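Contents: one structure, followed by commentary.
FYI, it's all coordinate maths here, none of it is from the lab. Remember, predicted model here, so these are calculated numbers, not experimental data. Here the Cβ positions follow ideal geometry from the backbone for every residue, glycine too, while neighbour counts run over all protein chains shown.
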Ligand code: NAP
């Protein structure tokens, strides 16, 4: 066990790095547990055009490298381990990562969210071998091929539109006959000659696990029960995200959807001294810039908490 920290930040997406920058500049000497893979979801994107300050956009990984350097520049200590357990019932709080255990007066949870999967056994076998959750990362591998996207929200249509520039055709499979996506995205997708919709349909199986690559999918129409096997080269699953909050279950209050409950207008969790920022607590906006904003809030709130409890 090392000396008690003032602040530990768990996670290294825009929320985590922003919290670190603010905490470091407030002289709280933050420790950041970045996770084995730093940078969060923006590491899986290419061009980010809506993060303010970049006239022509910025590559997601480049943006995260810059945030990391900025946080390090002001004195953030970073450890590249996944947090495996926390104990918020004790004070100071206890955080375990890898072989190490840390104590801290405050904790900022910024563990983000991950893509949801369909739950088919073939998915894990063929992930990265024809199945992907990131068109901007993997679309290039399916140039002039037949691509399928699963989902009916903005993510699915964004993926389909991106993939339409690469693939021969893009089929969007949706389990209902109306989309959840915004009107503007729907209009763009409907206008795109390469995109077709397969309505009221679910993916039952993905072939071919034996050959180690995607060759076809088995579809079922949920209205008629009709089944078909459709040849496809790449399958993009875009059915939303789930928060990375499992290790906090029983430690802070979670909402029924698994996101961390925070006091409205703040990043305060059910445990005083523990704050949550970014996609781990936000199922509404989920933007890099809103994550960064709540990261800033979390650091400021942690600083005030330390002042109030005289742990500053
Ligand atoms: P979402 O809005 O929750 O949509 C998920 C879609 O996947 C829904 O159509 C849902 O079907 C379907 N789905 C969920 N579980 C499924 C399953 N097990 N099998 C088959 N289909 C399933 O998620 P999202 O598209 O990731 O968007 C999340 C948020 O980010 C939204 O607020 C969105 O506006 C925002 N976003 C915005 C942009 C943009 O503006 N460019 C891009 C991406 C995301 P049902 O409709 O039947 O529930």
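Please work out whether the range 259-303 counts as rounded, prolate or oblate from its C-alpha gyration tensor, where a ≥ b ≥ c are the square roots of the eigenvalues and a/c under 1.5 means rounded, while otherwise a/b larger than b/c means prolate and anything else oblate?
The shape class here is oblate.
Just need log10 I(q)/I(0) for the chain at q = 0.10, 0.11, 0.13 Å⁻¹, Debye formula, equal scatterers on the alpha-carbon atoms, no solvent, rounded to two decimals.
-0.62, -0.73, -0.94
Can you give the direction-averaged projected area of the convex hull of the alpha-carbon atoms in the range 201-312, in nm²?
It is 11.0 nm².
Among bridges DSSP assigns within the chain, what percent are antiparallel (round to 5)?
Values: 27 of 58 bridges.
Of those bridges, close to 45 percent are antiparallel.
Among DSSP beta bridges lying fully in the range 169-248, give the percent that are antiparallel, nearest 5.
Antiparallel: roughly 75 percent of the beta bridges in the range 169-248.
Rounding to the nearest 10 and keeping the result within 0 to 90°, find how far the Cα-based axis of helix 154-164 lies from the longest principal axis of the chain.
50
Round to a whole angstrom and tell me the spacing of the C-alpha centers of the range 186-222 and the range 247-312.
38
Can you tell me the orientation of helix 60-73 relative to the chain, as the angle in degrees between its alpha-carbon axis and the longest Cα principal axis, to the nearest 10?
The helix 60-73 is inclined about 10 degrees to the chain.
Tally the DSSP beta bridges in the range 117-237 and give the antiparallel ones as a percent, rounded to 5.
Taking every DSSP beta bridge within the range 117-237, about 40 percent pair in antiparallel fashion.
Want the number for residue 50 to residue 101: 0.36 nm per residue separation, take away the alpha-carbon distance, what's left?
On the way: separation 51, 0.36 × 51 = 18.36 nm, distance 3.81 nm.
Length difference between fully extended and current span is 14.6 nm.
Roughly what angle does helix 288-308 make with the longest principal axis of the chain, taking Cα atoms, 0 to 90 degrees, to the nearest 10?
The angle comes out at about 20 degrees.
If I take R0 = 30 Å and measure r between the Cβ atoms of residue 91 and residue 65 in this structure, what FRET efficiency does the formula 1/(1 + (r/R0)^6) give, to the nearest 0.05?
Rounded to the nearest 0.05, the efficiency is 0.25.
Take the alpha carbon gyration tensor of the range 1-124, find the square roots of its eigenvalues, order them as a ≥ b ≥ c, and report rounded if a/c is under 1.5; if not, report prolate when a/b exceeds b/c, else oblate.
In terms of gyration-tensor shape, oblate.
Quick one: if you take sqrt(5λ) for each eigenvalue of the C-alpha gyration tensor of the range 80-168, what semi-axes come out, biggest first, whole angstrom? Can you show the working numbers first?
On the way: eigenvalues 313, 40, 28 Å².
Value: 40, 14, 12 Å, ordered largest first.
Compare 109, 79, 147 in a GNM of the chain, Cα atoms joined below 10 Å, and give the one with the largest fluctuation.
Comparing 109, 79, 147 in a Gaussian network model of the chain, the most mobile one is 79.
Return the Rg/Rh value of the range 117-237, two decimal places, where both radii are evaluated on C-alpha atoms and Rh is the Kirkwood radius.
Reported Rg/Rh, Kirkwood definition of Rh: 0.94.
Which of 80, 125, 223 moves most in a GNM of the chain, Cα contacts under 10 Å?
Maximum among the listed residues: 223.
In nm, to one decimal, how far is the residue 190 label point from the residue 310 one, both placed 7 Å along Cα→Cβ?
Each label point lies 7 Å from its Cα, and together they span 6.6 nm.
For the chain, with a Gaussian network of springs between Cα atoms less than 10 Å apart, report the residue from 54, 162, 74 with the top mean-square fluctuation.
54
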